[in-house]
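No lab work stands behind these numbers, since they all come straight from the coordinates. Source: prediction; values computed, not measured. All Cβ positions, glycine included, derive from the backbone under ideal geometry; neighbour counts span all protein chains shown.
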Amino acid sequence: MTVEDEAFRDRLRQFLTGHHPGRPPKDPRERLAWTKAWLATLFDNGYAGPSWPREFGGMELSFAQQVIYHEEVARARVPGPLGTGLGIAAPTIITYGTQEQKQRWLAPMLRGDKVWAQGYSEPEAGSDLPSLRTMARRDGADYVVSGQKVWTSHAADADIFFTLVRTGTRESRQHGITYLVIDAHAPGVQVRPLRDLTGGHLFAEVFFDDVRVPAGDRIGEENDGWRLARTSLGHERAAGAMNQAAMYRRVLTELEDLARERGLLADPLVRDQLTDLEIRVRIMRYNAQRTIGDILAKGEPGPASSVSRLLVATFEQDIHELAVDLLGQAGLLGKSESRAVQRSRWLHGFLRTRASTIGAGTREIQLNTVAEQVLGLPHDPGMPAR
Ligand SMILES: Cc1cc2nc3c(=O)[nH]c(=O)nc-3n(C[C@H](O)[C@H](O)[C@H](O)COP(=O)(O)OP(=O)(O)OC[C@H]3O[C@@H](n4cnc5c(N)ncnc54)[C@H](O)[C@@H]3O)c2cc1C
């Protein structure tokens, strides 16, 4: 770290302390408004988008300062971005969007004025995304979209869906897919929340019934969406790698403190399990640095993003599983119980992270990517050729 890097850390820390938004409101609508107000504060003061070009309101930081940024944000416990646009759609728009699209979409997304959600998966198309069926037919200056998406995270809060739709024949698979940006409030769009294991409604089903979408809201060429989607998917796996590594560094220290308070550190088995997590959280940090380095050098995160995703997903499952184990019966109490430990955060995390090895591509799909693209093993015959 240079003197300037350390000065940047001090400035950022002071800013985050001085403008900290406090504790989140309980009511979901109020919490959304509170998060939006925080994102606007970051943006208006030039502290949003550490890796984004300055032209679109970002900070365009160096590698070292991006690392510092994520460490300080995790330390400050401030709200993260809303929706999934920032990490996934934005790099796709920056790479493939027209200048007009960049001007129209990027700054409002970064400022939190518009929440973006990812509509890729369908009831019959998850790992095998090229089999998706949501149809978009051209009608004059518009596309008319009909079909269904599922597991769309943050759909209930979304203003915009970035989607993959079929513009080719039913059999065209990856050759007939187009990347379309759809107004979530347009006539014919219906969102039906789905309940997850925690009892919350993180994701939803989204139905499109003859929704008209201007052709100007297509990114890239018609039927070329698969190439764009692969950029998005790489960024999805890389997105937040550093942020998560920094956050789990803090969470592991909190678990170590809890184990100490409860007199569990005398147990050599517990010390062994915590040491294992300690080693893994450090590896996660180095790997996240490698991913940021790849993005800076080549513009793309590359297949190492699948390694990041695997490391984070299995780590977050294991740390919560250990925490619930260490707490014994108390670990199973819900937050309304008076004897619940730390408002039941560890149980909530345990339930929430069951899905970590499914979302953003299942564990098996990530392993396939690592096998084929990192280790050079033969290609999965069931998936499209690269
Ligand atoms: C919390 C969460 C949030 C999500 N958010 C979004 C979102 O915002 N937007 C969105 O579009 N989607 C989202 N998804 C959906 C997610 O991308 C899919 O669930 C995922 O791609 C798997 O698809 P599937 O559920 O259809 O399972 P399937 O693809 O049917 O897989 C079933 C099982 O078969 C295995 N399998 C499938 N193909 C292969 C293969 N070739 N080799 C080896 N094993 C294989 C899988 O690993 C899995 O174990 C989310 C999912 C979760 C859990």
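Data for the structure
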item	result
Prolate/oblate/rounded label for the range 131-198 (Cα gyration tensor, a/c 1.5)	oblate
Viscosity 0.692 mPa s, 37 °C: Kirkwood-radius Stokes-Einstein D of the range 20-100 over Cα pairs, µm²/s	235
Segment residue 362-residue 380, extension gain: residue separation times 0.36 nm, minus the distance between their alpha carbons	5.0 nm
Cα Rg, Dmax (largest Cα-Cα span) when computed across the chain, Å	21.4, 72
Enclosed volume per residue, in Å³, of the convex hull spanned by Cα atoms of the range 1-58	101
In range of the label at residue 63: residues from the range 281-302 whose backbone nitrogen is under 18 Å from the point 7 Å along Cα→Cβ	283-302
Computed FRET value (nearest 0.05) for residue 31 with residue 300, which takes r as the C-beta separation and R₀ as 35 Å	0.55
Normalised per residue, the volume of the convex hull around the Cα set of the range 55-150 (Å³)	157
Within the chain, helix-based [θ] at 222 nm, where runs of 4 or more DSSP H residues each add -39,500 (n - 2.57), nearest 500	-14500 deg cm²/dmol
Qualifying trypsin sites (Lys or Arg not before Pro) in the range 177-260, DSSP loop, other Cβ atoms within 10 Å at most 16	195
Rounded, prolate or oblate (a/c below 1.5 giving rounded, otherwise prolate when a/b exceeds b/c) for the range 159-240 by Cα gyration tensor	oblate
Relative contact order (%) - the chain, alpha-carbon pairs under 8 angstrom, separation at least six	12
Bins of 10 Å, starting at 0 and running to the largest distance - Cα pair percent for the range 252-323	19, 41, 23, 13, 4
In the range 1-83, trypsin sites (Lys or Arg not before Pro) in a DSSP loop with at most 15 other beta-carbon atoms within 10 Å	26, 77
The chain: Lys pairs at Cα distance under 25 angstrom, eight or more positions apart or on different chains	8
Shape category assigned to the range 206-340 from the gyration tensor of Cα positions, a/c cut at 1.5	oblate
For residue 137, net neighbour charge (Lys/Arg +1, Asp/Glu -1) across residues whose Cβ lies under 10 Å away	-1
Using a Förster distance of 45 Å, the FRET efficiency for residue 139-residue 266 (Cβ separation, nearest 0.05)	0.05
Radius of gyration and maximum dimension Dmax of the range 315-381, Cα, Å	17.2, 55
Residue 40-residue 13 FRET efficiency (beta carbon distance; Förster radius 22 Å; 0.05 resolution)	0.60
Whole-Å distance, taken between Cα centres, linking the range 76-138 and the range 315-339	34
